[in-house]
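Undergrad: Here it is, the structure, as structure tokens.
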Amino acid sequence: MNPSTLIGIAASVLLLATVVLFTAQTPSSFFNFPGLAIVITGTLAATFISYPMREVVRVSRLVGLVFRRENSRIDDDIQTLVSMARHWFRGNIRAIEAELEDTRNPFLRTGVSLVIANTQDDEIHDVLRWRIARMRAREYAESQIFRTMATYAPAFGMLGTLIGLINMLEVIDGGDLTIIGPRLAIALMSTFYGILLANLLFKPIAVKLERRTEERLIEMHMVMEGVMLIAKRRLPSFVEDTLNSFMAEHQDEIREPTPRTSKQSREEETVA
């Protein structure tokens with residue numbers, strides 16, 4: 001399981017357990033099935049109305065990505081590109097074709113296939129850019145569904161509150177707390193459920209999917225850069241250095257920390 005997701009789930013469970021055990025006379029008072037049903041059913045219904053069926057079904061399968069740790073294959077892709085650059089520099093097309101059969105990255109496979117087909121550099125760049133743009137649009141649309149659900153959940157929580165208040169007003173003249181109490185619970189707990197689901201489930205999933213998309217875009221741009229270098233018949237060592245520097249993590253790309261001068265060191269020693 002993804003460690004950050006595991007920590008988040010543990011912290012959420014601890015928070016809710018603390019709220020339920022130390023603020024309520026009975027823990028069961030925080031469970032109200034009608035209020036929960038209003039929020040969940042209303043949110044799902046509005047989501048299905050808003051989006052096509054195929055998109056909602058596809059997105060539901062992506063929830064597992066939030067909990068599963070994804071192993072990065074950047075290093076493997078770099079080694080594959082460097083190896084293919086060597087073969088292409090030597091004119092060994094058969095070796096490239098054999099290596100393409102074992103490549104698990106379809107984006108890389110498409111780019112190198114265009115190279116060995118002697119496609120123009122501009123055309124290769126346009127095709128790969130189009131693939132990147134299509135992937136970005138599709139995955140951002142998927143995360144947007146969860147952001148939409150995060151806006152629906154509190155709204156249906158308020159709807160449950162209104163329903164509970166209306167039902168409570170009908171019987172308030174009788175003064176029977178056994179009737180007023182459950183209806184007031186629906187009014188309050190539905191808002192609680194709506195806010196909880198929006199900020200502890202739907203929004204975090206959307207952010208997680210967006211971060212995954214950003215990482216995948218970086219990898220795809222790296223692969224595109226490697227493919228273009230291969231197409232230009234750059235030296236394999238140059239391809240490797242360029243790709244490694246492309247993926248390197250820098251603390252600050254603008255300036256380095258100012259080193260201490262010898263004068264500053266002497267002043268600190270004098271003060272000490």
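The values are calculated or read from the model by the stated rules, or taken from the named source; none is laboratory data. Since the model is a prediction, treat every value here as computed from it, not as a measurement. Quick reminder, even Gly has a Cβ in these numbers, built from the backbone with ideal geometry, and neighbours come from all protein chains shown. Note: areas computed on protein heavy atoms with side chains; ligands, DNA, RNA excluded. Shrake-Rupley method; radii C 1.70, N 1.55, O 1.52, S 1.80 Å.
Undergrad: Against the 2.2 N^0.38 Å scaling, with N counting residues, where does the chain land? I'd like the Cα-based Rg ratio to two decimal places.
TA: Here the answer is 1.52, to two decimals.
Undergrad: Moving on to the next point. For helix 33-50, what angle does its Cα long axis make with the longest principal axis of the chain, in degrees from 0 to 90 and rounded to 10?
TA: In the chain, helix 33-50 runs at an angle near 40 degrees to the longest axis.
Undergrad: Between residue 141 and residue 170, what is the spin-label point distance in nm, taking each point 7 Å from the Cα along the Cα→C-beta axis?
TA: Label-label distance for residue 141 and residue 170, simple model: 4.3 nm.
Undergrad: The stretch 53-93: percent of C-alpha pairs farther apart than 13 Å?
TA: When all Cα pairs of the stretch 53-93 are counted, 69 percent exceed 13 Å.
Undergrad: Mind listing the phi-derived Karplus ³J(HN,Hα) values for the stretch 91-106, rounded to whole Hz, using 6.51, -1.76 and 1.60 with θ = phi - 60°, and x for any glycine or proline?
TA: x, 8, 6, 4, 5, 5, 4, 5, 6, 5, 5, 9, 7, 8, 9, x
Undergrad: What is the magnitude of the charge dipole of the chain about its Cα centre, with +1 placed on the Cβ of each Lys and Arg, -1 on the Cβ of each Asp and Glu, and no other charges, expressed in debye to the nearest 20? All intermediate terms of the calculation are to be shown ahead of the outcome.
TA: Working: 30 positive and 32 negative charges, 93 e Å.
The calculation lands at about 440 debye.
Undergrad: Quote to one decimal, in nm, the extra length available between residue 122 and residue 50 on full extension: 0.36 nm per residue of separation minus the C-alpha distance between them.
TA: 22.0 nm
Undergrad: Helix 121-171 sits at what angle to the longest principal axis of the chain, using alpha carbons and giving 0 to 90 degrees rounded to 10?
TA: For helix 121-171, the angle is close to 10 degrees.
Undergrad: Around residue 2, which amide H atoms from residues at least 5 apart in sequence, or from another chain, sit under 5 Å from its own amide H, with H modelled in the peptide plane?
TA: Correct list: 68, 69.
Undergrad: Tell me, what is the 1.4 Å probe accessible area of residue 238, in Å² to the nearest 10?
TA: 100 Å²
Undergrad: Per residue, how large is the accessible surface of the chain? Use a 1.4 angstrom probe and give square angstrom.
TA: On a per-residue basis, the chain sits at 64 Å².
Undergrad: Further question on the same structure: If you stretched the chain out fully between residue 20 and residue 246, how much longer would it get, using 0.36 nm times the residue separation minus the C-alpha to C-alpha distance?
TA: Full extension from residue 20 to residue 246 adds 76.4 nm.
Undergrad: Name the residue, out of 15, 165, 114, whose mean-square fluctuation peaks in a Gaussian network model built on the chain with Cα pairs under 10 Å.
TA: 15
Undergrad: Something else: Return, for the Cα atoms of the stretch 68-187, the radius of gyration and Dmax in Å, separated by a comma.
TA: Considering the stretch 68-187 through its Cα atoms, Rg and Dmax are 29.6, 92 Å.
Undergrad: Continuing with this model, one more query. Filter the trypsin sites (Lys or Arg not before Pro) in the stretch 29-128 down to the DSSP loop ones having no more than 12 other Cβ atoms within 10 Å, then list what survives. Don't skip to the end; give the middle numbers.
TA: Details: sites: 54, 58, 61, 68, 69, 73, 86, 90, 94, 104, 109; in loops: 68, 69, 73, 104.
Listed in order of number, the matching sites are 68, 69, 104.
Undergrad: For the stretch 151-221, with the dipole built from +1 on Lys and Arg beta-carbon atoms and -1 on Asp and Glu ones, taken about the Cα centre, which of 171, 155, 218 lies farthest toward the positive end?
TA: 218
Undergrad: Rounded to the nearest 0.05, what FRET efficiency do residue 12 and residue 212 have when you use their Cβ-Cβ distance and R0 = 25 Å?
TA: Here the calculated transfer efficiency is 0.80.
Undergrad: Only sites in a loop by DSSP and with at most 13 other Cβ atoms within 10 Å count here; which GluC sites (Glu not before Pro) in the stretch 67-159 make the cut?
TA: Of the GluC sites (Glu not before Pro), the ones in loops of the stretch 67-159 whose Cβ has at most 13 other Cβ atoms within 10 Å are 70.
Undergrad: Measure nothing but the geometry: give the 0 to 90° angle between the long axis through the Cα atoms of 53-67 and the longest principal axis through the Cα atoms of the chain, rounded to 10°.
TA: 80 degrees
Undergrad: Write out the trypsin sites (Lys or Arg not before Pro) in the stretch 145-246 meeting two conditions: DSSP loop, and at most 14 other Cβ atoms within 10 Å of their Cβ.
TA: Those that pass, being in a loop and sparsely packed, are 232, 233.
Undergrad: Now a separate question. Quick check: at a probe of 1.4 Å, how many percent of the accessible area of the chain sits on carbon and sulfur atoms? Intermediate results must be reported in sequence, preceding the final value.
TA: On the way: 10180 of 17320 Å².
For the chain, the apolar C and S fraction of the accessible surface comes to 59 percent.
Undergrad: Pop out the ³J(HN,Hα) list for the stretch 241-248 in order, Karplus 6.51 cos²θ - 1.76 cosθ + 1.60 with θ = phi - 60°, rounded to Hz; leave Gly and Pro as x.
TA: So the J values, rounded to whole Hz, are 5, 5, 5, 5, 6, 5, 8, 5.
Undergrad: ³J(HN,Hα) across the stretch 200-215 via Karplus (A = 6.51, B = -1.76, C = 1.60, θ = phi - 60°), whole Hz, x for Gly/Pro?
TA: Here the 3J(HN,Hα) series is 10, 10, 5, 5, x, 5, 4, 5, 5, 5, 5, 5, 4, 5, 4, 5 Hz.
Undergrad: For the stretch 106-174 and the stretch 40-62, write down the distance between their C-alpha centroids in whole Å.
TA: Going from one Cα centre to the other spans 11 Å.
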